[in-house]
Each structure stands twice: as structure tokens, then as C-alpha cells.
Amino acid sequence: MNTKTKILAALGLLVAAGVLCTADIQATAPTAAQPPAQDKQFESYGQTQVIAVEPVKEMFSHKSHVVTAGLSCDSCHPDLFERKRGSTKAKGDYNMASLDAGKYCGACHDGKMAFNTTGPETCKVCHGSDMKQPETIVFNVPVKSVIFEHKGHVDMGLDCASCHDKAFEMRKGAAEEHPEKFTMEALYAGKYCGVCHNGTDAFASNTRCTTCHIGVKGFERKFAGAAQVEGKDHGKKEH
């Protein structure tokens, strides 16, 4: 081996030794601390849990409280609610905050006496239930043309106790179960609608026939002397 070859071989060994030494130093040297992760603002669509969008309509069932739960009218009236439609709303504080503080519905719905007003699982009971507004009652026994509007009577200031349970049992169809009793003669004697429709508190039940006996398609009733129901004179007086 000549001198030149020896020099090149020596240089190669030195380079290889340098590479190995550098690799060993990098392997044994402590890893430099990484900078802490920075908080990043990601695209957001806001809270996914909807707390409130806007005031929504709520539904209240007298039947479930009176019939099912066995409460009486004075359980809520007048201490919690005045017996006048719209009076609570007019106070300006009929909201969830008041209920959560124990006012209005919150007096009972506190999680002990009845389900609370703060649990999201119970929201649908009042806000989104399938309950419907009180319907127009059409009595079809013994006649098929008597219309009764709850709204018109409530708007005049009457409350549940005005008719239930003195004049009518608070159960749909209860009066119709006894067509032999639920008659015009009974009204003339001061029963059923005749409790008020006596000519003093409200128009007499033997006048203004078309107020109640009209509007059902196919069953409009004639009135005055021509009114006949099952062979009996329905219009006892000229009106």
C-alpha cells in the first residue's frame, strides 16, 4: 500500500469515527424541553345546550291537577294565582326566575311536592307538550246543536268554581251520560246552565235560543214556536 492510499484510508476511518461519536452524543444528550401548548380558538357555533331561545307558550292542565292530583281550586287560588285570566301575566314577573324562586307554579314544583322547574328533563311537560287548548264543547245528547265556549265565559271573569262541580261535574261527557236529566226543563228549573241563565245573572235559558243552538253544520235548529225536539215544544216563549 503506497503512502497516498494509506492517507485516504486514515481519513476514512476518522470520518467514520466522527459520525459514530456524533450519533452517540445525540442519543445520550437530554431532550430539550418543548414549549407549552398554546390554547387555540377553534371555530365555534356557540352553546350546544339550548337554555332558552325566546319566551315560549306554556300549557297548564286543570284536569291533571284537579282530577288526577286531587287538588281543589283554593290550592292555587287566590294565593298563587288570581281568579282572573291574564292577571298573572300583567304583573310582569311571571317567568322562570320567579318559578325557581318559589313563586307561582314554583310554590309546589320545587322537586319535593312536585317535579322542579329547573330540570331540563321536565321542560316538555309544560313547554312542548301535546296538550291542546280547551275545546269548544258540542253536546250531542239529547240534541246535536248545543255549543258551549269556555273562553267566552272565562273572559267575562268566571272561574272554574263558578260551574264545577255545582252545575257540571268536571269531566267531559258527564252531563250527557244522563240525557233524561240534561234537558231544557232542567235548565228552566235552575239546573246545569240554568244556574246562571235565569234571566237575572245571564239571559234566561228559554230566550235567545240561537246563542247556543246554531253553528253545527247540518244540525241548525229553528226557534220560537216552530222549534220541536222529539215532539216537544222547545221554544216555550216567543223570542
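The values are calculated or read from the model by the stated rules, or taken from the named source; none is laboratory data. This structure is a prediction, so every number in the text was calculated from the model and none was measured. FYI the Cβ positions are ideal-geometry reconstructions off the backbone, even for glycines, and counts take in every protein chain you see.
This table checks each residue for (1) in a loop (DSSP other than H, G, I, E, B); (2) touching an Asp or Glu at 6+ places or on another chain (Cβ under 7 Å); (3) over 26 Å from residue 173 (Cβ atoms).
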| position | (1), (2), (3) |
| --- | --- |
| 58 | yes, no, yes |
| 85 | yes, yes, no |
| 89 | no, no, yes |
| 93 | yes, no, yes |
*Residues that are of a type in the set (Phe, Trp, Tyr) and under 29 Å from residue 166 (Cα atoms), drawn from the range 72-122*: 81, 104
*Could you list all residues from the range 147-184 that are in a helix (DSSP H, G or I) and exposed (fewer than 13 other Cβ atoms within 10 Å of the Cβ)?*
151, 152, 155, 177
_Residue count, the range 78-99 (criterion: within 18 Å of the chain's Cα centre (by Cα), modelled with pLDDT under 80 and of a type in the set (Lys, Arg))_ = 1
_Residue in the range 110-119 that is acidic (Asp, Glu) and closer than 28 Å to residue 157 by Cβ present_ = no
*From (1) loosely packed, with under 10 Cβ neighbours inside 10 Å; (2) at pLDDT 80 or above, pick out the condition that doesn't hold for residue 75.*
(1)
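Would you call residue 196 farther than 29 Å from residue 62 by Cβ and modelled with pLDDT of 50 or more? Lay out the reasoning, then the answer.
Working: farther than 29 Å from residue 62 by Cβ: no; modelled with pLDDT of 50 or more: yes.
Taking the combined requirement at face value, the residue does not satisfy it.
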